[in-house]
Every structure is written in C-alpha cells, then in structure tokens.
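Peer 1: Quick one: the structure is below, and I'll ask about it shortly.
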Amino acid sequence: MIEHPNHNGRGPATGQVPCGPAPDDLPTEAVIARVIDAARVLAGIVSDGHVGRIAVSAGAVRWEIERHEEPFGLAGTRAREMEPATSAGGRSAVDAEQAGGGQVVTAPLVGVYYQAPGPGLPPFAALGSRVAAGQQVAIIEAMKTMNEIVAPCAGVVSHVHVQDTEIVEHGQPLITIQPG
Amino acid sequence: MFRKVLICNRGEIAMRILRTCRDLGIATVSVYSEADRDSRAVRLADESVCIGPAPSAHSYLNVPAIMYACARTGADAVHPGYGFLSEDPHFAEVCAEAGVTFIGPSADLIALMGDKPAARRAMAEAGVPMARGIDRPLSGAAEAAQVAGVTGYPVILKAAAGGGGRGMKIVQSPADLASAYAETQQAARAAFRDDRVYLEKFITSARHVEVQLLGDQEGGIVHLGERDCSIQRRQQKLAEESPSVALDDELRDRICRAAVAGARKVGYHSAGTMEFLLAADGEFYFMEMNTRIQVEHPVTEMRAGIDLVEWMIRIAAGERLPFAQEDVHLSGHAIECRINAEDPARDWRGSPGLLERFVPPGGPRVRVDTHAFPGCRIPPHYDSLLAKVIAHAPTRDEALATMSRALTELDCGDAATTVSFHRQLMTHPEFRAGTHRLDFVSAYLGADGVLRGSSPAAGSPLAGAA
C-alpha cells in the first residue's frame, strides 16, 4: 500500500510498486534485495518533486522516505536550489502538514482568498462539510488569475482560518480538514 | 511623512532600512520568502508578510505578491534596498499606479540610467567625461568590430541592460571579438532577457572611484564625496573606502562636480551613485550611474554624519534638502570590508548553512551592518553577504589599524567566510600604500585563498583567536 500524505501534484498519484512476500520472521536476503529495489523506485518518485513523502508497508517491513525542503549541510557544502511547488493559474499545489490531527491547507501564493465560486454563492468547503480528495476548497486570486485550491485528502472541514476576500500570504493556513 | 514603509528586501539591507524607519517613528513591514522566515528583520518589523517560496522570482522579485502585501498592510511607501527590484522601472511604475510611494527616483530616471548606452549619451550631453565607445546598442558583430577598431583595443563589451559588474567581457584583440560578442549577447539574454550589447574602450589598470549623490525633488543636489572601490574580484566589490587616496583635492573636486552636473542635467533626485574609472594618467571616465542605495553607503555616512536611508525617505516624502554643498563636511577616513559567506580557498564557493557562531566586532570607530546572529540560517538562494564591517578614524592609517583590530574580533566559528581575505588585505603593502588598482585581486589572490604579499599569519584561522 502506498500512502502519499504530502501531495504536491496535480491529481492523486497512482503507481504500483512491487513488494516482497510477507516474511514470518527475519527477512531473507532476497526479500531485503527486493525491498531495497522498491526503495529506489520510491526515492525516485519522491525526488522528482511531485510527492514529498511516501510510506510503504510490506508485511512486517515498513519504511518511510521523505524529501527535505532545505538540505543544510556543514558550511562549505552547496545546497541545491529547490524548484517552486506552485504554478500560477490552473490547479495550484497545496502544502499539507499534520497539525493537531488535521491536514492544514495553506496558501501557495499571495493573493485574495475567496471561499466561493462567486459572490453570494455557497462556499466550496464550509465549516463541517465533507470534502473529497482533490475537491476544490477555495480560490486564491492574483492579478486576475484564479488559482484553484484543492483538498489533499478526503475528510471534514474542521476549521476555516481566513475570511472571504482576505489577502493571504504565502503559507497562510486556509482550512483544516480532519481526514476520514 | 509616511506612516508605514514596506521593506521589499532581505538580509542586512532590510535591517538597515528597518533601523532608520524605527528611528523616524515609521511603522515597518517586512516581506520575506520562506527561506527568511526566521531572519532578524522579520522578527523586528512591526508586521511581516510571507510573499513566496525561497526562489527570488517567486518572492523578492514577485511584484504582484509585494503589491498585495502593501494592500494587506496599508503600507504607503516601499523601500526596495539594493538589488532585486531597486532598479526595476516597471516596479516603480506599478507602485505609482497603486498610490504607494517608491522610495527612490522616478521610474523614468531608473529606466534612463538602467539603459547603459542611453545613460552614456545623457551624461555626455552634460559634459561628463566619457571613454571612447558607442552610445547606443550595437547592431551586430560586424558593427562591433568596426566600432572596436575605431575605439582601439582593448575594448570591453557590456550588456545594455546590465550593470553592477555583470554581463561584461574584455576583448584584447580583433581575433577574439566575434566570439566575445556572441558570448556577451548570450549571457545578457540569460541574465537580463535583453541581448543588446554596447562597447567602450577598456581602461587598463584603472581604479574605481564613485561619487555619492543626494538630490531632492526641487532640484537641490549635493555630493557626499567619493568612494574608492578598487578591491574587486571578478567585478564584484570586496572592500571600499573613502576618500580615495588616488585623488588630490583638485581632481576630487573635478570628479565630484562632474557627477553633480550629470545628475542635475537629468533632474536626479533621491540617493544615487555615479561610477567612474580613473586611469593611471589621471583621466577619469563615466562608467555608469546606480539609482539606488549601494552596499558600501556606510563608508560615506560615517564621514558625512548623514543617514542616507533617512534622506531617501524624507526626499520621497517631498522634503527639501536643508543643506547645501557648502554645509557638507566629510571627516576622517572610512573603510568597509564585506564579509561574505564564501570560501576563498574553494573558488569563493558560497557556504550556506547554519551559522552556529557569530560574534561581531565593536568598540570605538567600528560599525557593523548585519542581519546575522548565532544560530541563523544562511540560505543558498541569495547573495552571500553576511556582514559589513566599517572602520572610521581620523586618518587612513588609523582606520586600517582599527579595521585590523575589528577583524580579529569577528568570530564566525567554523563557517567559511571571506574574513581571512580581509585580514590579509589589511597587511598588504600595496593596499596599505594605497597604490592598488582594479587588477590587485587577480594579481595577488591565489586559488588557495592566500593573498600573496600580505603578512604570512594574517589570514590563518588562528589570526583572530582570542
């Protein structure tokens, strides 16, 4: 089973990764080799920027691979430039973090937050409402471009942190979704 | 006077602007990228707004995000610092349209001086001495060859939209011109998205002498003396001083008057710097004008007793300069050393990361402009300037002694910085004599970070140990 709680892509990522057989006790060398191969594939998925973190279980074996945003080494090593996770216009990326049991949806850019598709219309994701993964939960408008903000997971909207038409900063919490 | 200034910059200059705003009782807004979330200016500003992820294009160069931050905070003015948007005429226009005062000259003046060949033309009309060359972009490699032939080699090719030592190439002989022209165009296209190129006679073994100007919006213009910035590596300044020991009073007067004449001709206001090349024969030639506050401005402030950031703000708010040229008194000698997070022993590679230890110098005759603090992170995304150490004393020898002393106090732990270079520089006989020229660093600095000719122990890690 592959989980990707940090979803930085355009839609739910799908992919099959071969997992070894469930060992009864200590894994055999063959199992370890297959686990390592699978880890390489997963690390590739993580490093190409679309996914921030992957956790994989195969029987009693589980590991988690996470990409660090800012690799700081000893002074003297050069850290690599990070690509921006967002694109202006269209469906925007959302940074989801664990916060008090809920997924906090944050603003990927500076602009005006709109809770609904238009003035007077019902909000995309009202407090207490249920949302599906990938469902639009807000608009952030910047320079007349309407950026769609989507839910990273299915769940219930437990908090709304901003007011309609408020100017939000990059990284500002918008709503919190309790997954489930 | 402004109620609230939004500082759209980072690092030490954000702190610089913030401090003067505080002293003037103006509220401050710091806009920052994700990489600067824990920086000093963000912590100290009255308000702060995160405007984007680390890459400059999405943060410090992100005009819409900055304008939204102005709207969100109600800022009535912005100070752009240096670099980033400070010389972007489009940004200045957007601010004007939004009713937010851009603390600097008008968009037209920025555009004029940012178009380097056009600036040459305008200054030539004002009678400012100019090296031979062309006052408009070249039409192609063929014209470049023709103009270079008339000008006489060596020549220097420059990006029309460049400046600040970037996008330049020296050509020693006609055989090298065609490929140099293509390279300069390509570099200009990549760096400035503008591949127009012009050329000038290259002044060999010159010194870099620049004049600080300050003008109000009613035509009052003064100069605040000159700075000598001949200690450069790959056209990037490492250390600066004022006054320039290469000038006698008569030459100083001529250069400063020429700068004022040029600025007056174009109706310049705000702070600005006119840069010249001083040839070995004593002739000086206009290089470019920078329409912003410069990194090395403290050297002038120490001698003049004038806060340049304060006067940029007052002038932008419509105040007149209350002093004329005869009221300007420059005292003593000031030197600045730029402490960068770079490793001179590894090709000046940037050394980002955690700065575990940072103890700046202090005491009489010493000023330190920095945003660094123990435990701060040096992000890899921006320039590597960590701190500016300035020494000001009655004479140059005393300023050198004070700087040497201050540099022994500066403690950055194990972090790789350029402090070892500066410690060596202060002992180098040619620098001490003041006879150094722009080729000083390339002549003496080795790839190992050793400055040949300086005192052997000066640059060693133990030189600063208590």
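Peer 1: So, of the residues in region B:349-371 that are without any contact (Cβ under 8 Å) to a residue 40 or more places away in the chain, more than 10 Å from chain A (Cβ to nearest Cβ) and at negative phi, which turns out to be nearest to the chain's Cα centre (by Cα)?
Peer 2: For region B:349-371, the residue satisfying everything is B:V368.
Peer 1: Any residue in region B:33-57 that's more than 11 Å from chain A (Cβ to nearest Cβ): show its pairings with residues that are aromatic (F, W, Y) at Cβ separation under 8 Å, as long as the two are six or more apart or on different chains.
Peer 2: B:S39/B:Y32; B:R40/B:F373; B:A41/B:Y32; B:V42/B:Y32
Quick grid of which residues meet (1) in contact with a Gly (Cβ under 8 Å, 6 or more places away or on another chain); (2) among the β-branched types (V, I, T); (3) under 23 Å from B:E97 (Cβ atoms):
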| site | (1), (2), (3) |
| --- | --- |
| B:G25 | no, no, no |
| B:Y32 | no, no, no |
| B:S39 | yes, no, no |
| B:I51 | no, yes, yes |
| B:A54 | no, no, no |
| B:S59 | yes, no, yes |
| B:A65 | yes, no, yes |
| B:R72 | no, no, yes |
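Peer 1: Give B:A401, B:A387, B:A391, B:A345 a once-over and let me know the one that is among the small types (G, A, S), in contact with a strand residue (DSSP E or B) (Cβ under 8 Å, 6 or more places away or on another chain) and surrounded by fewer than 19 Cβ atoms within 10 Å (Cβ to Cβ). Show your work before the answer.
Peer 2: Details: B:A387 fails: surrounded by fewer than 19 Cβ atoms within 10 Å (Cβ to Cβ); B:A391 fails: surrounded by fewer than 19 Cβ atoms within 10 Å (Cβ to Cβ); B:A345 fails: in contact with a strand residue (DSSP E or B) (Cβ under 8 Å, 6 or more places away or on another chain).
Just a single option satisfies the conditions, and that option is B:A401.
Peer 1: What is the residue count in region B:238-282 for residues that are closer than 25 Å to B:D439 by Cα and hydroxyl-bearing (S, T, Y)?
Peer 2: Number satisfying all stated conditions: 3.
Peer 1: Looking at (1) more than 14 Å from chain A (Cβ to nearest Cβ); (2) on the phi < 0 side of the Ramachandran plot; (3) surrounded by 23 or more Cβ atoms within 10 Å (Cβ to Cβ), which one does B:E125 not meet, given that it meets all the others?
Peer 2: Result: B:E125 passes all but (3).
Peer 1: Read through the list (1) surrounded by fewer than 23 Cβ atoms within 10 Å (Cβ to Cβ); (2) away from chain A (no Cβ under 14 Å), then give the number of the only condition that B:C21 fails.
Peer 2: Result: B:C21 fails condition (1) only.
Peer 1: Considering only region B:81-110, how many residues are without any contact (Cβ under 8 Å) to a residue 60 or more places away in the chain, crowded, with 18+ Cβ neighbours inside 10 Å and not β-branched (V, I, T)?
Peer 2: So the first thing to find is which residues in region B:81-110 are without any contact (Cβ under 8 Å) to a residue 60 or more places away in the chain, and the list is B:88-99, B:107-108.
Adding the requirement that they be crowded, with 18+ Cβ neighbours inside 10 Å leaves B:88-89, B:91-92, B:94-95, B:107.
With not β-branched (V, I, T) added as a condition, the list becomes B:88-89, B:91-92, B:95, B:107.
Summing the residues that are without any contact (Cβ under 8 Å) to a residue 60 or more places away in the chain, crowded, with 18+ Cβ neighbours inside 10 Å and not β-branched (V, I, T) in region B:81-110 gives 6.
Peer 1: Any idea which of (1) more than 27 Å from B:G163 (Cβ to Cβ); (2) surrounded by fewer than 21 Cβ atoms within 10 Å (Cβ to Cβ); (3) touching a residue at least 24 places away in the same chain (Cβ under 8 Å) is the one B:F2 doesn't satisfy?
Peer 2: Evaluating B:F2 over (1) more than 27 Å from B:G163 (Cβ to Cβ); (2) surrounded by fewer than 21 Cβ atoms within 10 Å (Cβ to Cβ); (3) touching a residue at least 24 places away in the same chain (Cβ under 8 Å) leaves (2) as the failure.
Peer 1: So if I check each of B:R377, B:R338, B:R357, which one is surrounded by fewer than 19 Cβ atoms within 10 Å (Cβ to Cβ) and part of a strand (DSSP E or B)?
Peer 2: Values: B:R338 fails: surrounded by fewer than 19 Cβ atoms within 10 Å (Cβ to Cβ); B:R357 fails: part of a strand (DSSP E or B).
B:R377 is the lone residue from the list that is surrounded by fewer than 19 Cβ atoms within 10 Å (Cβ to Cβ) and part of a strand (DSSP E or B).
Peer 1: On to the next question. Which residue pairs have Cβ atoms closer than 6 Å, lie 6 or more positions apart in sequence or on different chains, and pair a first residue in region A:152-172 that is more than 12 Å from chain B (Cβ to nearest Cβ) with a second residue that is modelled with pLDDT under 95 and part of a loop (DSSP other than H, G, I, E, B)?
Peer 2: If the second residue must be modelled with pLDDT under 95 and part of a loop (DSSP other than H, G, I, E, B), the pairs left are A:P152/A:V94; A:G155/A:G180.
Peer 1: Out of curiosity, is B:A416 without any contact (Cβ under 8 Å) to a residue 12 or more places away in the chain and either more than 17 Å from B:I13 (Cα to Cα) or among the basic types (K, R) (or both)? Steps first, please.
Peer 2: Numbers: without any contact (Cβ under 8 Å) to a residue 12 or more places away in the chain: no; either more than 17 Å from B:I13 (Cα to Cα) or among the basic types (K, R) (or both): yes.
No.
Peer 1: Tally time: how many residues in region B:325-348 are over 15 Å from B:G413 (Cβ atoms), aliphatic (A, V, I, L, M) and away from chain A (no Cβ under 12 Å)? Spell out how you get there, then give the answer.
Peer 2: Quick first cut of region B:325-348, residues over 15 Å from B:G413 (Cβ atoms) only: B:325-338, B:340, B:342, B:344-348.
If we keep only those that are aliphatic (A, V, I, L, M) too, we end up with B:328, B:330, B:334-335, B:345.
Then keep just the ones that are away from chain A (no Cβ under 12 Å); that gives B:328, B:330, B:334-335.
Summing the residues that are over 15 Å from B:G413 (Cβ atoms), aliphatic (A, V, I, L, M) and away from chain A (no Cβ under 12 Å) in region B:325-348 gives 4.
Peer 1: Out of the residues in region B:195-236 that are farther than 19 Å from B:H392 by Cα and in contact with a Cys (Cβ under 7 Å, 6 or more places away or on another chain), state the one that is surrounded by the fewest Cβ atoms within 10 Å (Cβ to Cβ).
Peer 2: Let us first name the residues in region B:195-236 that are farther than 19 Å from B:H392 by Cα, namely B:195-208, B:213-223, B:232-236.
Add one more test, that the residue is in contact with a Cys (Cβ under 7 Å, 6 or more places away or on another chain), and what stays is B:208, B:223.
Values: B:H208: 22, B:H223: 24.
Ranking the candidates gives B:H208 first.
The values are calculated or read from the model by the stated rules, or taken from the named source; none is laboratory data. Quantities reported herein were computed from a predicted structural model and do not represent experimental measurements. Virtual Cβ from ideal backbone geometry, glycine too; neighbours counted across all protein chains shown.
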